[in-house]
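In what follows, a structure is listed as structure tokens, so that the remarks can point back to it.
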Amino acid sequence: MIIRVRAVVTMDGPPIENGAVVASGNRIIDVGKFPEISARNSGHTLVDIGEQALLPGLINAHCHLDYTCLRDQIPPRKSFADWIRAINAEKARLSAQDYLASITEGFAEAKRFGTTTIANLTALPELIPQIAPPIRTWWFAELIDVRDPNHANGLVDRAVESLKPAANWGLAPHALFTASTNLYRRCEEIAQRENILLTTHLAESRDEMSMFRDRTGSLYDFMKSIGRPMDDCGQGTPLQRFLTARDSSTTLRSARNDKKAVRNEVGWIIAHLNELAESDFELLETFRDKFHVVHSPRSHDYFAHSAFAFERLRNLGFNICLGTDSLATNQNLSLFAEMRAFRRGEPAVSPKETLEMVTVNGGRALGRPQTLGRIRANYFADLIAIPCSGMTNVFEEILAFDQPVRWIMVDGKT
Ligand SMILES: [Zn+2]
């Protein structure tokens, strides 16, 4: 199929005016100016979608579709610990059927807003076999063992059984305050063995910082009250705790120092990094290129976290993506709205660079820099089209788009 449009936004150089893309099976096989493309691809059906910009389908690098049904259910709370109590109370009311409906509704909404790839964390991996995602999905089992830290291996291994039938999957030890050292270690072992991705929430809130660095605050009190061993608190910032543990595990160390090591390097996607101490930035210098970062601007605003250090992290070389997080802390699953929220806080970042955060950067974070996030031969035919009125402000127009996406191709299918 040859798809002809006013502008093809390849994410490789400037948009191509009067451009065309050839899709065959689930891949893009050619892209360029329409006259040349049609001359060298005769025999393909032509689909002219007119005054549109064709761009790579968007990539949501952090989401929890489990909680799509919690939109507008939890007003902001005074502390992060209070918010955890509130969402736990909501979750206690949900049945497996409610979760299935919530996840299904979330997939449909994400697709409607032009998302063609999603990194979705689920606390109920056992439901995965009952769901056929309409978009490319990385399923991450979100794992918490704070109430039962002695059975981390069993918890991880059961999740892996549910995840394995999925095309793309990974593991998500929830956060340092809810997942034990053993749980993180087991996830890293599996990641190395199966060559899968890992993700976790880190340095999200001021409460998390106070808990780990100062042994104080409402999260510290809450976690202590439910019986969490607190001996890992008072020993440094959350980032320091996380990176120190990774540094002593075989994975990152072997990748960095031991040239003979042939182990897979474990790929971490870190959500948040909102609360960083000055010493954390020195530590991050050592770990540049070692993990990817996901920022969720609207969820960040909901919690009123400290300002996200976008420029410092970018200058350190980190690959930064955008994610919507869940609808418990966001209004919808639109990455267009997420990009606009991001630019309200970072007006100096260009619309093009912002779009990279939900295309190219997402492809890199998911370990698919050669197949996801661009319009280029051999990439997946994951494409969306939105109205385009001219060639002068294509990226501005894309970021301003606030409608459902009317033309969408996922894995070569419209
Ligand atoms: Zn999250």
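The values are calculated or read from the model by the stated rules, or taken from the named source; none is laboratory data. These numbers were taken from a predicted model, which means no experiment stands behind them. Cβ atoms come from the backbone with ideal geometry, glycine included; neighbour counts cover every protein chain shown. Areas reflect the complete protein model, heavy atoms only, side chains present, ligands, DNA and RNA absent. Shrake-Rupley method; radii C 1.70, N 1.55, O 1.52, S 1.80 Å.
Sort out which residues of the stretch 350-372 are open to solvent by less than 40 Å² (accessible area, probe 1.4 Å) and under 19 Å from residue 290 (Cα atoms), and write them in order of number.
Step one: filter the stretch 350-372 for residues open to solvent by less than 40 Å² (accessible area, probe 1.4 Å), giving 351, 354-355, 357-363, 365-366, 371-372.
357, 360, 361, 362, 363, 365, 366 - these are the residues of the stretch 350-372 that are open to solvent by less than 40 Å² (accessible area, probe 1.4 Å) and under 19 Å from residue 290 (Cα atoms).
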Legend entry - Residue that is farthest from the chain's Cα centre (by Cα) [pool: residues in the stretch 388-400 that are open to solvent by less than 30 Å² (accessible area, probe 1.4 Å) and more than 17 Å from residue 353 (Cβ to Cβ)]: 390
Inset, instruction - Among the numbered conditions (1) within 16 Å of the ligand (Cβ to nearest atom); (2) under 28 Å from residue 279 (Cβ atoms), tell me where residue 329 comes up short. - result: (2)
Inset, instruction - Report yes if some residue within the stretch 161-169 is surrounded by 23 or more Cβ atoms within 10 Å (Cβ to Cβ) and within 17 Å of the chain's Cα centre (by Cα); otherwise report no. - result: no
Inset, instruction - Output the number of the condition that residue 405 fails; it satisfies all remaining conditions of (1) of a type in the set (A, V, I, L, M, F, W, C); (2) assigned to a helix (DSSP H, G or I); (3) surrounded by fewer than 23 Cβ atoms within 10 Å (Cβ to Cβ); (4) in contact (Cβ under 8 Å) with a residue 60 or more places away in the chain. - result: (2)
Legend entry - the stretch 312-323, subset touching a strand residue (DSSP E or B) at 6+ places or on another chain (Cβ under 8 Å) and farther than 14 Å from residue 355 by Cα, residue farthest from the ligand (Cβ to nearest atom): 314
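Within the stretch 104-111, is there a residue that is in contact with a Ser or Thr (Cβ under 6 Å, 6 or more places away or on another chain) and at negative phi? Break it down into steps so the answer makes sense when it comes.
Filtering the stretch 104-111 down to residues in contact with a Ser or Thr (Cβ under 6 Å, 6 or more places away or on another chain) leaves 105-106.
Narrowing the set further to residues that are at negative phi leaves 105-106.
Yes, that holds for at least one residue.
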Inset, instruction - Would you mention how many residues in the stretch 160-214 are within 21 Å of residue 147 (Cβ to Cβ) and either in a loop (DSSP other than H, G, I, E, B) or among the acidic types (Asp, Glu) (or both)? - result: 10
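Conditions (1) without any contact (Cβ under 8 Å) to a residue 12 or more places away in the chain; (2) hydrophobic (A, V, I, L, M, F, W, C); (3) open to solvent by 10 Å² or more (accessible area, probe 1.4 Å); (4) away from the ligand (no atom under 16 Å from the Cβ), marked per residue:
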{"site": "40", "(1), (2), (3), (4)": "yes, no, yes, yes"}
{"site": "46", "(1), (2), (3), (4)": "no, yes, yes, yes"}
{"site": "56", "(1), (2), (3), (4)": "no, no, no, yes"}
{"site": "71", "(1), (2), (3), (4)": "no, no, yes, no"}
Inset, instruction - With the checklist (1) open to solvent by 50 Å² or more (accessible area, probe 1.4 Å); (2) under 23 Å from residue 294 (Cα atoms); (3) touching a Gly at 6+ places or on another chain (Cβ under 8 Å) in hand, flag the one item residue 62 doesn't pass. - result: (1)
Inset, instruction - Inspect the stretch 377-387 for any residue being open to solvent by 50 Å² or more (accessible area, probe 1.4 Å), farther than 16 Å from residue 112 by Cα and hydroxyl-bearing (Ser, Thr, Tyr) and give the result as yes or no. - result: no
Inset, instruction - Determine whether the stretch 33-48 contains at least one residue that is β-branched (Val, Ile, Thr) and farther than 19 Å from residue 379 by Cβ. - result: yes
Legend entry - Single residue of 181, 216 found to be open to solvent by 10 Å² or more (accessible area, probe 1.4 Å), modelled with pLDDT under 95 and within 27 Å of residue 300 (Cα to Cα): 181
Inset, instruction - Could you give me the residue pairs with C-beta distances under 8 Å whose first residue belongs to the stretch 306-323 and is closer than 20 Å to residue 58 by Cβ and touching a residue at least 40 places away in the same chain (Cβ under 8 Å), whose second residue is in a loop (DSSP other than H, G, I, E, B) and within 16 Å of the ligand (Cβ to nearest atom) wherever it lies, and which are 6+ apart or on separate chains? - result: 322/296; 323/296
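Take the conditions surrounded by fewer than 17 Cβ atoms within 10 Å (Cβ to Cβ) and in a loop (DSSP other than H, G, I, E, B) and apply them to residue 108. Does it pass?
Values: surrounded by fewer than 17 Cβ atoms within 10 Å (Cβ to Cβ): yes; in a loop (DSSP other than H, G, I, E, B): no.
It is false that residue 108 is surrounded by fewer than 17 Cβ atoms within 10 Å (Cβ to Cβ) and in a loop (DSSP other than H, G, I, E, B).
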Inset, instruction - Give the stretch 80-99 a look and list any residue that's hydrophobic (A, V, I, L, M, F, W, C) and surrounded by 15 or more Cβ atoms within 10 Å (Cβ to Cβ), or say none. - result: 80, 81, 83, 84, 86, 87, 94
Inset, instruction - Filter the stretch 129-159 for residues that are in contact with a Pro (Cβ under 7 Å, 6 or more places away or on another chain), buried (at least 21 other Cβ atoms within 10 Å of the Cβ) and part of a helix (DSSP H, G or I) and give the result. - result: 159
Inset, instruction - From the list 155, 198, pick out the single residue that is touching a residue at least 40 places away in the same chain (Cβ under 8 Å) and not hydroxyl-bearing (Ser, Thr, Tyr). - result: 198
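Here's a check for you: in the stretch 298-311, which residue that is more than 16 Å from the ligand (Cβ to nearest atom) and open to solvent by 10 Å² or more (accessible area, probe 1.4 Å) is farthest from residue 68 (Cα to Cα)? Reasoning before the result, please.
Quick first cut of the stretch 298-311, residues more than 16 Å from the ligand (Cβ to nearest atom) only: 304, 306-307, 309-311.
With open to solvent by 10 Å² or more (accessible area, probe 1.4 Å) added as a condition, the list becomes 304, 306-307, 309, 311.
Numbers: 304: 21, 306: 25, 307: 26, 309: 28, 311: 31 Å.
Filtering the stretch 298-311 for residues that are more than 16 Å from the ligand (Cβ to nearest atom) and open to solvent by 10 Å² or more (accessible area, probe 1.4 Å), the one farthest from residue 68 (Cα to Cα) comes out as 311.
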